[in-house]
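Each reported figure results from applying straightforward, stated rules to the coordinates on display, with no laboratory input. The model shown is predicted, which means the values in this text are computed figures rather than measured ones. Backbone-built Cβ (ideal geometry, glycine too); neighbour counts: all protein chains shown.
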Amino acid sequence: MAQVPPPFPATRLRRLRRNPALRALVRETALTPADLIWPVFVCEGRAERAPIASMPGVARLSIDLLVEAVRDAAGLGIPAICLFPYTDPALKSDLCEEAWNPDNLSNRATRAIKDAVPQIAVMTDVALDPYNAAGHDGIVRDGTIVNDESVEALVRMALAQADAGADILGPSDMMDGRIGAIRTALEAAGHPDTAILSYAAKYASGFYGPFRDAVGASGALKGDKKTYQMDPANSDEALRLVARDLAEGADMVMVKPGMPYLDICRRVSDAFAVPTYAYQVSGEYAMLSAAFDNGWLARDTVMMESLLAFKRAGCDGILTYFAPDAARVLNG
Ligand code: PBG
């Protein structure tokens, strides 16, 4: 595959880097606003904007403000947003019933966005953690995160999100069998066209810390998520998970976190050639933003370089909190 070039001076690789025109001509990958999915946080209230300390520039927005932000994002050419609710602690319970309330915050936000900005795709999060008194993505019984009962709850949650008009469901819970169960239920309930972007290779990562602050799950979480999220030491297992989720009816797959897992992105995209996304998670955003705010790294340059890396690694798109800023840079 990799051809050995004839020896110097027949080969001078700098010839094609000599000026911007030549560099543009031989550039292998490109990033466009259409590659970006923007994760957003929604909270109750009106005209409410609650900044998240560990994610400078990111805030939870009440539905009215969120709709306007999403309208702006659509104007920038961003094709999709991904919705995460900040749930009132009083609504959290052991069985997570609020997760499938047709009028919960997430479902009301989906309806409001699809009503006001129908051209943007709304992706929702299928996992119990915002609604769980124990902070876990599945139901906890006697200290164990139980799989099959959690899948039943996730199916109810997914159906409520599809009813609310979500275009893409994002199961981020890592229970076994949930993609097949959700796909079967969607077919039976008259939602054959709702897409599933499976968080297929999701690692038990320390990089999710700021997100858990943003959705108010940090305080509730007891223990860690290592019995359901992947071991950061594993790579072959990611391929098994992607194969499994595709066989169960996922339309798209995700690798998460992003930058520390570019090797997984490359393996997944080489092995399956299906729509593959990476999630540049909250900790990556926090880390880069801290360096930008200290003047230690050049903001636009490094932001764009960090996103282009995912395209180079074979991803079709990126979930990133930088989406509006990156789209603004790309649009000049
Ligand atoms: C939970 C969920 C998490 C993220 C997305 N969905 C956190 C977790 O698994 O604990 C993380 C996103 C981020 O860090 O930006 N279902």
Beta bridges by DSSP in the chain, antiparallel share as percent, to the nearest 5: 15
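Which of rounded, prolate, oblate describes segment 31-330, given a ≥ b ≥ c as roots of the alpha-carbon gyration tensor eigenvalues and a/c under 1.5 marking rounded, otherwise prolate only if a/b is larger than b/c? Can you show the working numbers first?
On the way: a/c = 1.30, a/b = 1.13, b/c = 1.15.
Rounded.
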Nearest-ten-degree value, helix 178-188 long axis tilted from longest Cα axis of the chain: 70
Net charge of Cβ neighbours under 13 Å - reference Leu95; Lys, Arg +1; Asp, Glu -1: -2
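Rounded to two decimals, what is the ratio between the C-alpha radius of gyration of segment 1-56 and 2.2 N^0.38 Å?
Working: Rg = 23.2 Å, N = 56, 2.2 N^0.38 = 10.2 Å.
With N residues counted in segment 1-56, Rg over 2.2 N^0.38 Å equals 2.28.
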Mean Cα-pair separation over length for segment 206-302, i.e. relative contact order, pairs under 8 Å, 6 or more apart, %: 32
Principal-axis tilt of helix 105-116 within the chain, Cα atoms, nearest 10 degrees: 60
Sorted peptide list for 2-11, 74-83, criterion being average Cβ within 10 angstrom, highest first: 74-83, 2-11
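Kindly identify segment 230-332 as rounded, prolate or oblate by the Cα gyration tensor criterion: order the square roots of the eigenvalues as a ≥ b ≥ c, call it rounded if a/c is under 1.5, otherwise compare a/b with b/c, prolate if a/b is larger, else oblate. Provide the component values of the computation, followed by the final result.
Working: a/c = 2.62, a/b = 1.85, b/c = 1.42.
Here segment 230-332 falls in the prolate category.
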Calculated P(r) of segment 44-172 - Cα pairs past 23 Å, %: 34
By average C-beta atoms within 10 angstrom, highest first, the peptides 41-54, 280-293: 280-293, 41-54
Highest-first arrangement of 117-124, 162-169, 217-224, where packing means the average Cβ count within 10 Å: 162-169, 117-124, 217-224
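Can you give the calculated 222 nm mean residue ellipticity of the chain, where each DSSP H run of n ≥ 4 adds -39,500 (n - 2.57) and the sum is split over every residue, rounded to the nearest 500 deg cm²/dmol? If you can, show how the numbers build up before the last one.
On the way: 11 runs with 124 residues, N = 332.
Calculated mean residue ellipticity at 222 nm is -11500 deg cm²/dmol.
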Long pairs among Lys114/Lys202; Lys114/Lys311; Lys226/Lys256; Lys92/Lys114, criterion Cα-Cα beyond 19 Å: Lys114/Lys202; Lys114/Lys311; Lys92/Lys114
Qualifying aspartates and glutamates (Cα of each under 13 Å from Cα of Lys225; at least 8 residues distant if same chain): Asp129, Asp137, Asp173
Tilt relative to the chain, helix 262-272 - C-alpha long axis, 0 to 90 degrees, to 10: 80
The chain: relative contact order in percent, alpha carbon pairs under 8 Å with at least 6 residues between: 18
